[in-house]
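> Quick one: the structure is below, questions incoming.
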Amino acid sequence: VQLQASGGGLVQPGGSLRLSCAASGSILSINGTGWYRQAPGKQRELVAAIATSGLTNYVNSVKGRFTISRDNAKNTVYLQMNSLKPEDTAVYYCNTVPTKPDYWGQGTQVTVSS
């Protein structure tokens, strides 16, 4: 089973993107889910998470700009990214929290550049 991230692309600084994470079955509704990112030469980091209760948490660098949400009926988790900065450039992945090795997909590339 892999979680499929989509919605990335090239955007100018200050722009917005919405990422989607789709999974089969009820994986995303029975587990906490996180959006992770890995920039070139850096370790993968958790940037946003949503618990089964709906409680959300964000890394400081994206607070106030990113919003994570979940649609259980569609088995999908979203990451709305606003006011994007060049330092947000990375491959974005979704996985459960804590992560499960088999759930890593290919991710989706987000590039913020003028």
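The values are calculated or read from the model by the stated rules, or taken from the named source; none is laboratory data. Computed from a predicted structure; not experimentally measured. Quick reminder, even Gly has a Cβ in these numbers, built from the backbone with ideal geometry, and neighbours come from all protein chains shown. With ligands, DNA and RNA removed, areas are computed over all heavy atoms of the protein, side chains included. Shrake-Rupley method; radii C 1.70, N 1.55, O 1.52, S 1.80 Å.
> State the number of residues belonging to region 54-106 that are open to solvent by less than 70 Å² (accessible area, probe 1.4 Å), modelled with pLDDT under 95, of a type outside the set (Phe, Trp, Tyr) and part of a loop (DSSP other than H, G, I, E, B).
Looking only at that region, the number is 4.
> Looking at region 1-44, which of its residues are open to solvent by 60 Å² or more (accessible area, probe 1.4 Å), more than 22 Å from residue 58 (Cβ to Cβ), outside any strand (DSSP E or B) and not β-branched (Val, Ile, Thr)?
The answer is 2, 12, 24, 40, 41.
> Are there any pairs, at least 6 apart or on different chains, whose C-beta atoms fall under 6 Å, with the first in region 40-62 and among the hydroxyl-bearing types (Ser, Thr, Tyr) and the second part of a strand (DSSP E or B), and if so, which?
56/50; 56/68; 58/48
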